[in-house]
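Structure first, then comments.
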Amino acid sequence: MSRQNSRTKKKLRADETDNKLEILRRIHHTGVVTREDVCHLFSIDKPPCQGCRMNSRESPNCFCGLIPSSSGSKKSGLWQKTSDLVSSILGPDPREDQRCPTEQPAGLTNVGATCYANSILQCLYMNLAFRTGIFSIEPDLLKQHRVLDQLAHLFAQLLSSQRAVIDSLPFVKTLELDKGSQQDSHEFLTLFLSLLERSLSHSKVPLVNTLIQDIFRGSVSHVTRCSDCGKDSEASSKIDDFYGLELYIKGLDSLDISLDNYLSVEQLSGENQYFCQSCEKRVDATRNIKLRALPAVLIFQLKRYDFLMEMTKKKKITSSFSFPCQLNMGARLDSADGPDLLYDLSAVLIHKGSAATSGHYVARIRDEKSGVWWEFDDETVSQLGHRPFGDTQPNSPAASQSTSLSDEVPSTSNGAKNQPSGYGGSELFSTTDAYMLIYSRFRDQKMSIFDEASSLPAHLSEEIAELNAPFVSSCLEYQSKKDMLTTHIAERRKEVKEILSEACVCSVEDPFFWVSVDWLRQWVDNVDLPWAGKSNLQRLDNSAIQCPHGKVSDDKVGSMKRVSALSWSRIISKYGGGSTLNGDDFCIECLKKEALSFVCAHDYRDRRDAMKQFATAALAGNCADGKSYYVSRTWLVHWLRRKNIESPCEADAGPTAALRCPHGNLLPEKAPGAKRVHIPESLWLFIVESASAVKTDDSLGCHAFPSDSQACEDCFKQFSEVASLACNLRESKLIQQQNHEKLFSGKSISFCPGEKYFLLPSSWLMSWRTYVTTTGKNGSSVEPECLDAIIDSLKCTKHGRLIEKPPALLRRRGLITQRSNADVLTLIPESDWKLFCTEWQGTEEKGISAEIILLPNKVPGPCQEIIKSDVDLNLSNDQASSEPEIMDPLLDTKPETCEDCIGERDSCELMRKLNYSDAEITVHLVRAKEVPKSLLEAPTKVFDPDRRTSKRSRRASSSGKQCNLRVSATTSVYQLKLMIWEYFGVVKENQKLHKGTMEILEDSATLADKNIFPGDVLWVTDSEIHENRDIVDELSEQKFDSNAGEEGFRGTLLMSDASFV
């Protein structure tokens, strides 16, 4: 169906074009423009559109697509979604940052990597006793201690601010914390409580003075008891204070078992015997920790980080750990007044991530008043319900999707007896990410006094009111502007719809006015601001559709619309502007001018189409009888390829420019680019006419060459001489090919001991072979250098000896040949050397001669290290051939090789090749038991960093068992192993990296230290000894370890000894 519609449209357009051509041709001939002509040329007679998807440029009566349908919208302007339009004009809604309802806790901004501090601050704030104590600090003390002042202001904003997120940056700056460094939350809590304890000690309010001690401080003692006399050591009476108990969880799966382990009795015997002061000797003893006093808020830090000695780093323990909702510590306290000392779970601090030195902290805290649990994830605060891991049942689909959700099971190990009703019974929660557990004592009487004063003091209340006032004002102002703008948008849309619905002119006889489409689109989409006091919509502007005579022309039909007199009056009365262009304001002069150009263009196309037949026949060699002319064959081919030409263009100029010689005559056809074809006179006259229309003074490019024109004699002689020289050169090359048949063909040459040979650079022979091979059009190859210069380059300037090692020889089946064609030097017979000297300006006496000697193959080392005897040098050919198995052929050169210069040059070259960057090496992952032989045979030569690697070696294998890595000489083995880890997923501890048979050790060494060059092929195996882990953990630990030692909170106020901080 779509294809038929497309064909129908094309047919209609073709018919309209034919009708327009007929009308313009009639106007051109008669000079008369009728009303019917105007209606057709300006498309006035086209029917109004109904339901087009897009606005039609071909019809001035189409208003479709200017506004979307009732259910649609645009991406910009008045007709985009109302919410998006309001947001684009007014900006973000400040009410989205407003806390609603006010009972919901506020979040804290993460200013870098401060989630550890945010989670602790939220835990402290949600403790009513601690919060009220902070609010009870005297104003004078707040002025003296800036940390207390910032903490009080932060808590005040968390309590009474209208914002949903509080900026924690002032507090972070006050403590001088490193915003970009992740720290341990428990360490931060311990140091922060110590700082607060020192600062609050200056308070004159009794409960504030001992706030930290009353809420968070407990005490323990480390008791050592003699097994013989039963007495405790003197140090056992020492009481140690704590803010939290650090519990081991490795191999322990519950809080009850961890506490038993913490309080377990250790036997001191054997080498660990204790020296008893009473018994005055070393005796067996017991040692354990006793809880002397427990705080109102009991904090357990779960030691989830285990230090691995073999890897010298920390690893997170991700095993599941369970803990109860209620905890009875009465049986564990050393001097308990009663059997019950009940604690409720009030907060769980969670560490997300698998690395010990990175990750993210999230706090889940219970509201003491409502009993509802909230999750504090920096800026985001979410309600969880009445359980710390949500109210979802353990067997529901939502619970099974995360290991952090709780598993509720009956608790038999928390020691709770006669638990009060209304506290949820006995529940166990299990998670793999819990890092800190915070329990609050059940109905602690000492802290109940703080519940009475939970409101803000006057000095803080006034400051928060000042902070809230501008924010509330901005929210009210935004709402007011939004209501006003929403109403205005609705009115504007209604106005546009009404005017466009009245704009269509149904009859040709009805009065109408022309309006620019560009202005109409702008008017449809623009939105002015109602509070600005004036409209930002521009006045009506029809200048874009006016011709130079101030009227409209039919070539502007696609840029204007025909609107009714009613719509026109409404637009003009409200927006003003102009110019006024009614139905009679069509330009007669422009119509006549367009008719002339249109008819000329159509006639030119018809004539050109007719001439194309002659051009096609001429290229095929079928020129019509009669007078003909030469034109450039290339020019004519390009002339034929051009399509949709309505008038002559610049490419039509110069049909014979390529055929004209410098003397003004016809070039010989053998000249480059002088290929020609003769065309009939009619085509030539048309071409000249077109070229003259483009360039009136181009007499040289349109110079006429009749078909009987003769080529220029001077140019003919010149090209004949060039052809003669080319012929002589081809003969010379052919002679050289015959003189050096074996060298030219690249065939192997056999050598005999005792005869004289000469050495030439293999590169020179390659260039000579290329030169003598090249003939014909490509005969302009570069000539090889003269032999004297080449021979001089093979000798060192300091000693005049050979600076290249002679090629190695191979003796097989009595024949001696050069071992490899890739050697720097090639051995050639004396006859070839003499001919080369004649052909390429060489001096025979300067040549580097060489003789073959035979030595026993048991003699090690190169030929220049062997002391040759007279017997060795005088071996005959018969003797050599009679003992082929025990004699090795070597070359004795004159001059001899210069080992000093060669060694110095190789050393410099090695250093240069080891100084590479952004080069490529290949690494294979080998999982088979046997390593492929191709990988064991590592290349011994130094690779050229500038050489091109083949596509095969640069392409990674489809199986993923090899990869290409970009490295530099300074890349360390450790960094290379990280790249291999990222590609293959093999942890660096399990990688056994090799180059050939050599294993690459020492992670701190560089690739240059290990003689690894660009293009080298390495292979690696997976030992599978260490367990797999994510490379992100390694990278984060690498970044953490890159600092000079573990800085922690060094340099912050947490480590300050000052009293006033």
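The values are calculated or read from the model by the stated rules, or taken from the named source; none is laboratory data. Here the structure is a predicted model, which means the values were calculated and not measured. Positions of Cβ are generated from backbone atoms using ideal geometry, with glycine treated the same way; all protein chains shown enter the neighbour counts. Quick note on the areas: whole protein, heavy atoms, side chains included, nothing else; ligands and nucleic acids left out. Shrake-Rupley method; radii C 1.70, N 1.55, O 1.52, S 1.80 Å.
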For segment 894-924, the count of residues that are part of a helix (DSSP H, G or I), within 24 Å of I852 (Cα to Cα) and among the charged types (D, E, K, R) equals 2
Being open to solvent by 30 Å² or more (accessible area, probe 1.4 Å) and either at positive phi or modelled with pLDDT of 85 or more (or both) is the requirement here; does D483 meet it? yes
Output the number of residues of segment 182-205 satisfying the condition of being surrounded by fewer than 17 Cβ atoms within 10 Å (Cβ to Cβ) and of a type in the set (G, A, S). 2
Among (1) in contact with a helix residue (DSSP H, G or I) (Cβ under 7 Å, 6 or more places away or on another chain); (2) at pLDDT 85 or above, where does G814 come up short? (2)
The correct count of residues that are in a loop (DSSP other than H, G, I, E, B), closer than 23 Å to R163 by Cα and either open to solvent by less than 80 Å² (accessible area, probe 1.4 Å) or touching a residue at least 60 places away in the same chain (Cβ under 8 Å) (or both) in segment 67-100 is 4
If you scan segment 787-808, which residues turn out to be hydrophobic (A, V, I, L, M, F, W, C) and exposed (fewer than 14 other Cβ atoms within 10 Å of the Cβ)? A789
Just to be sure I understand, how many residues within segment 572-629 are closer than 30 Å to S553 by Cβ, among the hydrophobic types (A, V, I, L, M, F, W, C) and in a helix (DSSP H, G or I)? 10
Those residues that are in a strand (DSSP E or B) and under 55 Å from the mean Cα position of the chain (by Cα), I need them from segment 750-768; list them, please. L759, L760, P761
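Got a sec? Which of A620, A595, A601, A610 is under 30 Å from V32 (Cβ atoms) and out of contact with any Leu (no Cβ under 9 Å at 6 or more places or on another chain)?
A601
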Only residues that are open to solvent by less than 40 Å² (accessible area, probe 1.4 Å) and modelled with pLDDT under 80: list them for segment 904-927, please. K913, L914
For a quick check of your reading: which helices (runs of 4 or more DSSP H) sit entirely within segment 206-289 and have at least 2 residues that are among the basic types (K, R), exposed (fewer than 13 other Cβ atoms within 10 Å of the Cβ) and at pLDDT below 85? none
Pull up segment 809-841, narrow it to residues that are loosely packed, with under 15 Cβ neighbours inside 10 Å and part of a loop (DSSP other than H, G, I, E, B), then point me to the one that is farthest from the chain's Cα centre (by Cα). G814
Pairs returned, first residue in segment 644-663 that is without any contact (Cβ under 8 Å) to a residue 40 or more places away in the chain, second residue that is open to solvent by less than 60 Å² (accessible area, probe 1.4 Å) and among the polar types (S, T, N, Q), beta-carbon separation under 6 angstrom, 6 or more apart or interchain, are A658/S632
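Considering each of S780, S763 in turn, give the residue that is modelled with pLDDT under 85, open to solvent by 50 Å² or more (accessible area, probe 1.4 Å) and out of contact with any helix residue (DSSP H, G or I) (no Cβ under 8 Å at 6 or more places or on another chain). Even if it seems obvious, please write down each step before you answer.
Values: S763 fails: modelled with pLDDT under 85.
The match here is S780.
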Taking segment 142-159 and keeping residues crowded, with 19+ Cβ neighbours inside 10 Å and of a type in the set (S, T, N, Q) leaves Q157
Part of a strand (DSSP E or B), buried (at least 19 other Cβ atoms within 10 Å of the Cβ) and of a type in the set (V, I, T): is that true of V557 in this structure? no
Six or more apart or on different chains, Cβ under 9 Å: which pairs go from a residue in segment 802-815 that's at positive phi to one that's surrounded by fewer than 17 Cβ atoms within 10 Å (Cβ to Cβ) and in a loop (DSSP other than H, G, I, E, B)? Could you list them? R813/P884; G814/P884
